[in-house]
1. Comparing B:A220, B:A51, B:A248, which has the greatest mean-square fluctuation in the GNM of chain B with Cα pairs linked when under 10 Å apart?
2. Round to a whole angstrom and tell me the spacing of the C-alpha centers of region A:123-195 and region B:129-200.
3. Mind checking which lysines have their Cα closer than 20 Å to the Cα of A:K257? Skip sequence neighbours fewer than 8 apart in that chain.
4. Which far-off residues, 5 or more places away or on another chain, put their amide H under 5 Å from the one on B:R138, with H placed in the peptide plane?
5. Would you mind classifying region A:57-157 by shape? Square roots of the alpha carbon gyration tensor eigenvalues, ordered a ≥ b ≥ c; an a/c under 1.5 is rounded, otherwise it is prolate if a/b is larger than b/c and oblate if not.
6. In a shell of Cβ-Cβ distance under 15 Å around B:L194, excluding B:L194 itself, what net charge do Lys and Arg (+1) and Asp and Glu (-1) give?
7. I want to verify a result. In a Gaussian network model of chain B, Cα cutoff 10 Å, which of these has the top mean-square fluctuation: B:G124, B:G110, B:G12?
8. If you add up the charges near B:S44, with Lys and Arg at +1 and Asp and Glu at -1, over every other residue whose beta carbon is less than 12 angstrom from its beta carbon, what do you get?
There are 2 protein chains.
Amino acid sequence: MRDRPIGVFDSGVGGLTVFKALEERLPGENLVYFGDTAHVPYGSKSPKAVARYSVAVARFLARRGIKALVVACNTSSALALPQIRQAVAVPVIGVIAPGARAAAEASPSGRIGIIGTEATIASGAYTRELSRRKPGLRVMAKACPLFVPLIEEGWWSDDVAWLVARRYLKDFHGSGIDTLILGCTHYPLLKPVLRRVLGAKVLLIDSAEETARETERHLAGLGRLRSGRGVRRDFYVSDGPDRFLGLARRFLGSGVKRVRLEQIDA
Amino acid sequence: MRDRPIGVFDSGVGGLTVFKALEERLPGENLVYFGDTAHVPYGSKSPKAVARYSVAVARFLARRGIKALVVACNTSSALALPQIRQAVAVPVIGVIAPGARAAAEASPSGRIGIIGTEATIASGAYTRELSRRKPGLRVMAKACPLFVPLIEEGWWSDDVAWLVARRYLKDFHGSGIDTLILGCTHYPLLKPVLRRVLGAKVLLIDSAEETARETERHLAGLGRLRSGRGVRRDFYVSDGPDRFLGLARRFLGSGVKRVRLEQIDA
């Protein structure tokens, strides 16, 4: 059981930030990644469609013999976690709960901002999770639909990123937030720009690291952690493996050798 | 046969610019629109995926009894026209040939620019079509992946649009182009910004109007034009009908009453 891989799933390349955090925290684990690039982006799709795609990918990874599934997509974690848990027999870890816990613990004033895709923000998942953990928090959420295409274009650190970020985040001015949850796995790449817009005092919570920690706790509790050498890395996408390979190398370096195409019926 | 609707198909809302041009030129025709919002955007998908989705939508519209199919999506027209024509028995009109013809006729110097999605530009479809029509043209193409999300966000006439347009179009400076093909059905909304960046002398070719004219010629040649009163308008999408309804009303006005959900197996 220990040698089985951890499955990591996202709508596209964004989940590679979580993949990387898992590699760093759990260097002995085998990992298999699935990017549902035939349906990307999830953030503007309906809850039903997101659930249908997510369940199909989870079932595919379950057939690959994974020992745990990390849903490294905020939209899918916000909208489809119960359906995914029903569809597969292995432990399923989403990114919402770890991010919300980290923010609730970190914020001195209890005023927390959240940014994410349209679907994630509309779901209210972060707000619910935060108030469940710590009643009395003051939470403010804002959908930022252009951030993902901006990052996919590679424009995450220039004047366009700055102008777009300034516009989206102007609602937070005067709100007194001291903590901002990056509620989308693409957003860590925007950290320098977000810091410039919000100032250095606002704490940026990136759920990748938190999710890796949660995964470690989970596997440790089940006695399923692996610490051996010689790990496997497998990458699957539902469309455009060559395009994904290029982006994956920008995220993870030249170690990514091969991306396989796997059409998913959903 | 005359009373049968014309089918209009796009990956999302962009094709509504063609729908509107058809309404204006052929006010007596019944129209049925399909937006493949479960798979939008097509512009960053692989040719195989675009062809699979396009054929599935074309077959659905064929089952609705259309008398002609307008492929109001540049990406689909660039990558999947032969497959669509093989899949359905009615005449199929794409947007590439009409746009290319208009540009070749309009350009005094023969220096023509093209902007479009990644997939449309990578296909080389416009360049091929232009040189087939008029050898010796000097053509320059540029993919602008952020324009569609920018327009879907409603930011088509402000400083972000201007900055993004200026960056994409800077390759055209000093190229001497006098004509620019808007090779994506979303782009007509950016006309004021594009004019500001390129100057008033560059002619902007919008294939919507040309495609409506081509459709008229085609149906007239077959004796299938309808000029009666009391027309039908039907709208289908493969995901998120409510979201589509809001965007469709921004394009077409409050006359859009109902959008139906139709899942497409592709």
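Just so it is clear, none of the values below were taken in a lab; they were calculated from the coordinates. Everything quoted here is computed from the prediction, not taken from an experiment. Every residue, glycine among them, receives a Cβ derived from its backbone with ideal geometry; neighbour counts consider all protein chains shown.
1. Among B:A220, B:A51, B:A248, the largest mean-square fluctuation in the Gaussian network model of chain B belongs to B:A220.
2. Computed from Cα coordinates, the inter-centre distance equals 30 Å.
3. Here the lysines satisfying the reach criterion relative to A:K257 are A:K20.
4. It is B:R111, B:I112, by chain and number.
5. Working: a/c = 2.26, a/b = 1.32, b/c = 1.72.
It is oblate, given that a/c is not under 1.5 and a/b is not larger than b/c.
6. Taking every other residue near B:L194 into account, the sum is +3.
7. Result: B:G124 has the largest fluctuation of those listed.
8. Within the 12 Å Cβ shell, the charges total -2.
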